[in-house]
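First up is the structure itself, then whatever we jot down about it.
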Amino acid sequence: MNKTRKCPGCGRQIYQFAQVCPYCKCETHFASIDETMAASTVENDPIVVEESADSDVDKTEEKADTKEGHLSHVIRHLKEDGEKVKQEYDQKIGRRYSRSTILIGSVIAVLSLIVLGFFIAVQMMETKTFSLSSSVDNGLKEVIDSVETELYQSSTIVAKFPDRQRHAMFYLKDGHLYRFDAISQANEEIDLMNINPKAIVDFEGSGVLNAYLSTNEKYILIIASRNAGNTEFGFYRLGTDGQNLEVIDKGRVSPEKDGYVVRTDVRTATYDSNGDRTSGISSAEWEKVAPKVEKPKKTQENVTQQEERPKEHVSVTEQMKPSVDIATKPAVPVVPEKITIKPVSPAQE
């Protein structure tokens, strides 16, 4: 026997005698269990027979027991419906939380995989770079070592690359930077000003003072004199391929423990062991922001006036020329007053 019916409000299956839907809380207007029982009794017993008073009492008690039984039945179904509603609610909440947890976990997992892949790629790139820079060719190494032995007394070795990628040795000699190619065994001077015209090197003075290999082994850091008096140095960065030259700074360059310091009268800049600036301002930036101060023209005029100023012990009269010529003039010869010229006759001739 079907004991449930559809709620007219929400359409869910509820107890057939429920007066209020436990889900949507609307009135169902279903027939109560008492009305149903009364209708079924009338249909089954259409003829009413008079009974005694005792039978009436028994029937009343029987009806009371039946009503109590139906009431307990209704209460039990209501509890079951309430528990069912609570269970469905808990399932929905749990399903919702489980979906959110799954979504958050999936996002975290994807991000973790991306980060892990990035670190693995970086590690592989570093390993590849290291393997390229550290892959020594024994044949090239022997050639470079033999040349180093010859140059040991007269030169300063800057860097050696006995690998197939660079296969070269850089060294300093008499203020000039050289590169020896181990494959072609050619020895050539690196013309810094030809690679970068802004990289001024005064070879009449000290030329290239010193050169160092960067920590990452990608550059040759060069300190060169820019004038004969060595009052200003150039700080340059040359690629280990010998093709690219960058002007880092200019001033008084001094190597320090962890890098380099460039000083001038107005600024100070520091650089790490790879030639990257860590503090201060470079010369190129300073030239953009520094005020343009012109020297006054009076300074040169004052110098000219001082040079033309007379000496202290010379009198003024000796410097002045007289306005009238008072020098002694030579004597004028005396001209006779009258000169007689006698004619000469032809016979006398």
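Consider the range 227-254. How many of its residues are surrounded by 18 or more Cβ atoms within 10 Å (Cβ to Cβ), in contact with a strand residue (DSSP E or B) (Cβ under 6 Å, 6 or more places away or on another chain) and of a type outside the set (A, V, I, L, M, F, W, C)?
The total comes to 6.
Test R252 against the stated conditions and say whether it is under 27 Å from P162 (Cα atoms), assigned to a strand (DSSP E or B) and among the basic types (K, R).
No: the conditions fail for R252.
If you go through the range 208-248 one residue at a time, how many are under 14 Å from G275 (Cα atoms) and either assigned to a strand (DSSP E or B) or over 30 Å from the mean Cα position of the chain (by Cα) (or both)?
18
Identify all residues within the range 137-173 that are open to solvent by 60 Å² or more (accessible area, probe 1.4 Å) and either within 19 Å of K218 (Cβ to Cβ) or under 40 Å from the mean Cα position of the chain (by Cα) (or both); write none if there are none.
N138, K141, T156, K160, R164, Q165, K173
The values are calculated or read from the model by the stated rules, or taken from the named source; none is laboratory data. Model, not experiment: these values are computed from the prediction. Cβ coordinates were reconstructed from backbone atoms using ideal geometry, including for glycine residues, and neighbour counts include every protein chain displayed. Just so you know, the surface numbers come from the protein's heavy atoms only, side chains and all, with ligands and any DNA or RNA stripped out. Shrake-Rupley method; radii C 1.70, N 1.55, O 1.52, S 1.80 Å.
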